[in-house]
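Working notes for the structure below.
The values are calculated or read from the model by the stated rules, or taken from the named source; none is laboratory data. Everything numeric in this text was worked out from a predicted model, so none of it was measured. Counting neighbours? That spans all protein chains shown, and the Cβs are built from the backbone with ideal geometry, glycine included. Note: areas computed on protein heavy atoms with side chains; ligands, DNA, RNA excluded. Shrake-Rupley method; radii C 1.70, N 1.55, O 1.52, S 1.80 Å.
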Amino acid sequence: MVKKETGWRAGVVIGFVLLIEGLCRSGVIPVAVMIAPSAMFLHGVELLREGRYLHDIATSFANIVAASVVAVVLGFLLGLTIHALPSVRRSLEPLLASYYAVPTFVFYPVFIVVFGVGALPIIAIAVMLAIVTMITATLTGLDRIPRSLSKTARVMRLTVWQSALRVKLPAALPYLFSGVKLSVAYAFIGVIASEFILSGSGIGYAIGYAYNNFQNDDMYALMLMVLIAVTLINVVLNRIDARFQARRQR
Amino acid sequence: MHAGGNAMKKWMGPLVVLVVVVLIWEVLHDIVGSTSLGSPAATVAQLWQMLGTVDFWVNVAETGRALGYALVLSVVGGIALGVALGVNRMAGTVAEPILVNLYSLPKVTLYPLVLLVFGLGLSAKVAFGVMHGLIPILVFTMNAIRQMKPVYLRTAHAMRMPLRQVIVRIVLPAIFPEIVAGMRLGFSLTMLGVLIGEMFASQKGLGYMLTNAMNLGDIGTIMSVALFLTLFALLCNGLLLAADKRLQHR
């Protein structure tokens, strides 16, 4: 059953790629607009072998990891704190609900001024984008801990720490992991997008630079790398997520 | 009297949050100085003065027009595709991971592609807005249909309703609350997309005003436009949130 769907999915993706390949090769899509996927891939392999953009890739990757870790840890701690203080939570609720409506990126210039140039403003923007989803996920996770579990822990006379580590954390883990998954996605978007707009290094910057200099082959090869990286990260996180969700339903 | 007290309690929380945000802003301003970050009072004053100029409203109208087109396309396209994929279970299961993957892709990197395809101007901005806003509306609609009570569709089947009637009379009314929830997310993302589009590919609009001010280092204008956009986004989000709550309680 599952195999069949995966097959269809692979078919759809491969069909789409072949369609674009055909359109590019036959000249329906001019070379000036888009190069063929096979050419993108080959050029990407070549770029990696030459090592021309390795520095940018490493920079972006380090920023994404840093932003994800900060957002997840800080978001989790803030979520715990807010959950422990119901009155604070009530006042913050409207803010959390409308946070993603605010176009945060309009504050980029302010961030450069406050944090200076370099990696710090980029990580700060990515954290700002990613942290709220982690806070929300932590609150949901703590809300959904079944009351019977807390009661059982009390009946067994577990200490506060024991009940937190052995009972509550495992019970909230599936929800927490959904938060982690989204946080990583948002950190990725935040880092690449701010590199594109305001930085002097990183993959986002390299794509913008290649575009401004009409280096279509470099640009598309880098775009394809980003696409593949996002897909791989998603596949891994979804695997882990599916395992957690299955455990929750058991 | 009691109702008055309740209303006050309801407004108290957001009010406290607002005061805290303004205070943090003021403190930051005092730390970095007014050349880097305008004070709240100065920003409001400049925004008020800006609201009196014709030039500002020309830009607002330009952004509004692009946002309007992009919203119509995102909502109509998102609902139509969502219904199509939701009714056909197999197609939905095949498409969902692909859509989620596209959603977590940093779409700024695809910007050069959009420019090369659509050229500079309105259509590129609209396309960029739709790229951001369509997928969340689509996913919300699709999942709402999948989680709909099966008895609705079975009844329709028993009544031998034609497919078009099933969609218009049963499916759409049943999932209306989820569509509104999807629109809330879709609205802010569409606006984000249109603004980013204007920052790179336009000579008019609020996004262009932002880039222009960034290049001139005009922090006052940046802050005023950012404040205007934030207030507008919060207002629209609040209205949709209220509609959402009312529908959930139905």
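Out of the residues in region B:185-217 meeting the condition of being in contact with an Asp or Glu (Cβ under 6 Å, 6 or more places away or on another chain) and in a helix (DSSP H, G or I), tell me which one is surrounded by the most Cβ atoms within 10 Å (Cβ to Cβ).
Of the residues in region B:185-217, the ones in contact with an Asp or Glu (Cβ under 6 Å, 6 or more places away or on another chain) are B:204-205, B:207-208.
From what's left, in a helix (DSSP H, G or I): B:207-208.
Working: B:GLY207: 26, B:TYR208: 21.
Top of the filtered list is B:GLY207.
Going by the structure shown, is B:THR109 within 26 Å of A:ALA206 (Cα to Cα), touching a helix residue (DSSP H, G or I) at 6+ places or on another chain (Cβ under 9 Å), assigned to a helix (DSSP H, G or I) and without any contact (Cβ under 8 Å) to a residue 24 or more places away in the chain? Spelling it out, B:THR109 is indeed within 26 Å of A:ALA206 (Cα to Cα), touching a helix residue (DSSP H, G or I) at 6+ places or on another chain (Cβ under 9 Å), assigned to a helix (DSSP H, G or I) and without any contact (Cβ under 8 Å) to a residue 24 or more places away in the chain.
For region B:67-94, residues that are in contact (Cβ under 8 Å) with a residue 24 or more places away in the chain and either hydrophobic (A, V, I, L, M, F, W, C) or away from every other protein chain (no Cβ under 14 Å) (or both) total 16.
Going by what's in this entry, would A:GLY44 be described as surrounded by 15 or more Cβ atoms within 10 Å (Cβ to Cβ), out of contact with any Lys or Arg (no Cβ under 6 Å at 6 or more places or on another chain), more than 12 Å from chain B (Cβ to nearest Cβ) and over 30 Å from A:SER199 (Cβ atoms)?
On the way: surrounded by 15 or more Cβ atoms within 10 Å (Cβ to Cβ): yes; out of contact with any Lys or Arg (no Cβ under 6 Å at 6 or more places or on another chain): yes; more than 12 Å from chain B (Cβ to nearest Cβ): yes; over 30 Å from A:SER199 (Cβ atoms): no.
So A:GLY44 fails the test.
It is to be established whether one or more residues within region A:132-152 are under 20 Å from B:HIS132 (Cα atoms), of a type in the set (S, T, N, Q) and buried (at least 16 other Cβ atoms within 10 Å of the Cβ). Yes - at least one qualifying residue is present in region A:132-152.
Scanning region A:53-68 for residues that are in contact with a helix residue (DSSP H, G or I) (Cβ under 9 Å, 6 or more places away or on another chain) and either loosely packed, with under 14 Cβ neighbours inside 10 Å or not hydroxyl-bearing (Ser, Thr, Tyr) (or both) returns A:LEU54, A:ASP56, A:ILE57, A:PHE61, A:ALA62, A:ASN63, A:ILE64, A:VAL65, A:ALA66, A:ALA67.
Being open to solvent by 30 Å² or more (accessible area, probe 1.4 Å), touching a residue at least 24 places away in the same chain (Cβ under 8 Å), of a type in the set (Phe, Trp, Tyr) and within 13 Å of another protein chain (Cβ to nearest Cβ) is a description that applies to B:TYR103.
Checking A:VAL127, A:VAL117 one by one, the residue that is touching a residue at least 60 places away in the same chain (Cβ under 8 Å) and surrounded by fewer than 19 Cβ atoms within 10 Å (Cβ to Cβ) is A:VAL117 and no other.
Considering (1) open to solvent by 20 Å² or more (accessible area, probe 1.4 Å); (2) part of a helix (DSSP H, G or I); (3) not aromatic (Phe, Trp, Tyr), the lone condition that A:GLU195 does not fulfil carries the number (1).
Screening A:VAL106 with (1) under 26 Å from the mean Cα position of the chain (by Cα); (2) within 12 Å of chain B (Cβ to nearest Cβ); (3) open to solvent by 60 Å² or more (accessible area, probe 1.4 Å) gives one miss only, at (3).
When each of A:TYR220, A:TYR209, A:TYR186, A:TYR175 is tested for being of a type in the set (Ser, Thr, Tyr), open to solvent by 60 Å² or more (accessible area, probe 1.4 Å) and in a helix (DSSP H, G or I), the lone residue that passes is A:TYR209.
In region B:200-220, what residues are away from chain A (no Cβ under 11 Å) and either touching a Leu at 6+ places or on another chain (Cβ under 6 Å) or farther than 18 Å from B:VAL108 by Cβ (or both)?
Filtering region B:200-220 for residues away from chain A (no Cβ under 11 Å) gives B:201-205, B:208, B:212, B:220.
Correct list: B:ALA201, B:GLN203, B:LYS204, B:ASN212, B:GLY220.
Considered as a group, the residues in region B:14-38 that are more than 24 Å from A:GLY116 (Cβ to Cβ), of a type in the set (A, V, I, L, M, F, W, C) and at the interface with chain A (Cβ under 8 Å from one of its Cβ atoms) include one that is least open to solvent (accessible area, probe 1.4 Å), and that residue is B:VAL17.
From B:GLY182, B:GLY129, which residue is within 14 Å of chain A (Cβ to nearest Cβ), part of a helix (DSSP H, G or I), of a type outside the set (A, V, I, L, M) and more than 17 Å from B:GLN248 (Cα to Cα)?
Details: B:GLY182 fails: more than 17 Å from B:GLN248 (Cα to Cα).
Being within 14 Å of chain A (Cβ to nearest Cβ), part of a helix (DSSP H, G or I), of a type outside the set (A, V, I, L, M) and more than 17 Å from B:GLN248 (Cα to Cα) holds for just one of B:GLY182, B:GLY129, which is B:GLY129.
For the subset of region B:81-106 comprising residues that are in a loop (DSSP other than H, G, I, E, B) and within 22 Å of the chain's Cα centre (by Cα), which member is farthest from B:TYR208 (Cα to Cα)?
Applying the first criterion (in a loop (DSSP other than H, G, I, E, B)) to region B:81-106 yields B:88, B:104-106.
If we keep only those that are within 22 Å of the chain's Cα centre (by Cα) too, we end up with B:104-106.
Values: B:SER104: 26, B:LEU105: 24, B:PRO106: 21 Å.
Here the residue is B:SER104.
Could you tell me whether region A:70-90 includes any residue that is in a helix (DSSP H, G or I), under 23 Å from B:LEU192 (Cβ atoms) and open to solvent by 40 Å² or more (accessible area, probe 1.4 Å)? Yes; the residues of region A:70-90 include at least one that is in a helix (DSSP H, G or I), under 23 Å from B:LEU192 (Cβ atoms) and open to solvent by 40 Å² or more (accessible area, probe 1.4 Å). For the subset of region A:93-102 comprising residues that are within 17 Å of B:TRP25 (Cβ to Cβ) and not β-branched (Val, Ile, Thr), which member is modelled with the lowest pLDDT? Looking at the filtered set, the residue picked out is A:LEU95.
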